1. Please find, within the range 31-61, the residue that is surrounded by the fewest Cβ atoms within 10 Å (Cβ to Cβ) out of those that are at pLDDT 95 or above and among the small types (Gly, Ala, Ser).
2. Return the total of residues in the range 140-181 being under 21 Å from Gly199 (Cα atoms), of a type in the set (Ser, Thr, Tyr) and exposed (fewer than 14 other Cβ atoms within 10 Å of the Cβ).
3. Among the residues that make up the range 22-30, is at least one of them closer than 30 Å to Gln130 by Cα and surrounded by fewer than 19 Cβ atoms within 10 Å (Cβ to Cβ)?
4. Among the residues in the range 23-35, are any farther than 30 Å from Val176 by Cα, in contact with a strand residue (DSSP E or B) (Cβ under 7 Å, 6 or more places away or on another chain) and without any contact (Cβ under 8 Å) to a residue 60 or more places away in the chain?
5. Looking at the range 38-65, I want the residues that are over 21 Å from Pro78 (Cα atoms) and have a partner that is among the hydrophobic types (A, V, I, L, M, F, W, C) with Cβ atoms under 8 Å, at least 6 apart or on another chain. Which pairs are those?
6. On the given criteria, is Val137 in contact (Cβ under 8 Å) with a residue 40 or more places away in the chain, surrounded by 15 or more Cβ atoms within 10 Å (Cβ to Cβ) and either of a type in the set (S, T, N, Q) or farther than 30 Å from Val89 by Cα (or both)?
7. Just the residues that are out of contact with any helix residue (DSSP H, G or I) (no Cβ under 8 Å at 6 or more places or on another chain) and either assigned to a helix (DSSP H, G or I) or under 16 Å from Leu121 (Cα atoms) (or both), please, taken from the range 78-99.
8. Could you list, in sequence order, the residues of the range 66-85 that are buried (at least 20 other Cβ atoms within 10 Å of the Cβ) and either out of contact with any Lys or Arg (no Cβ under 7 Å at 6 or more places or on another chain) or not assigned by TED's automatic domain parsing to the domain that holds Ala9 (or both)?
Amino acid sequence: MSEYETVLAESVGEIEVKKSKFIARLAPVSCAAEAREYLDLVRNNNKRAKHNVHAFRLMNGGVGFSDDGEPQGTAGKPVMDALSGSGLVNVEIIVTRYFGGILLGTGGLVRAYGDAAKAALDAARPVTMQSVKEFSVSLDYSRYGRVSALVPEFGGCVEDTVYKENIELAFYIPDVRVEAFLSALSELTLGAVAPVRTGEGYRVK
């Protein structure tokens, strides 16, 4: 996957339906274990709540959701439907319900949990993550300015600069621009500079 949409920080949305409060939290998670840890944290911080319904989606296709004691299909599924509709991955929504004493019925629960999830999604600030390749290179000082300026021209970013006898740069380039960048770098330095690939990952586009 060269790109995906996610969030980097928690967002919160809250609605009230017939005296029941539904507090929805959307947060980034990278795996099922992190989703469980976040669910445990929310539960520990809301011990008086009657239900903590959750749903998560991962970029590797992993999903999970639970009604947490609500009638089957009335809670976890509408939260998951809202999350799936957003297109976000590597995220989890937890909807905490404080019961207000009035039963909502099946349809009422579906709407309430779905609307609460959407409220958290509306409060979120999605970002696009892009797949990148990470590099390091050792340069003499005469080439530093030209090479460091070339990196952002190809959508990359210099992440670290160490000044020694030579200058050591650590930087990344988006996957889709790597070949063009290496060609331009070779042309610029007449083949004298050859970066070493050190890893790969995702960065905000």
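1. Restricting to residues being at pLDDT 95 or above and among the small types (Gly, Ala, Ser), the top hit is Ala33.
2. Number satisfying all stated conditions: 1.
3. Yes, some residue in the range 22-30 is closer than 30 Å to Gln130 by Cα and surrounded by fewer than 19 Cβ atoms within 10 Å (Cβ to Cβ).
4. Checking the range 23-35: at least one residue is farther than 30 Å from Val176 by Cα, in contact with a strand residue (DSSP E or B) (Cβ under 7 Å, 6 or more places away or on another chain) and without any contact (Cβ under 8 Å) to a residue 60 or more places away in the chain.
5. These pairs meet every condition: Asn46/Ile23.
6. Spelling it out, Val137 is indeed in contact (Cβ under 8 Å) with a residue 40 or more places away in the chain, surrounded by 15 or more Cβ atoms within 10 Å (Cβ to Cβ) and either of a type in the set (S, T, N, Q) or farther than 30 Å from Val89 by Cα (or both).
7. Passing the criteria: Met80, Ser84, Gly85, Gly87, Val89, Asn90.
8. Glu70, Thr74, Ala75, Gly76, Pro78, Val79, Met80
The values are calculated or read from the model by the stated rules, or taken from the named source; none is laboratory data. Since the model is a prediction, treat every value here as computed from it, not as a measurement. No Cβ is skipped: glycine too gets one built from the backbone with ideal geometry, and neighbour counts run over all protein chains shown.
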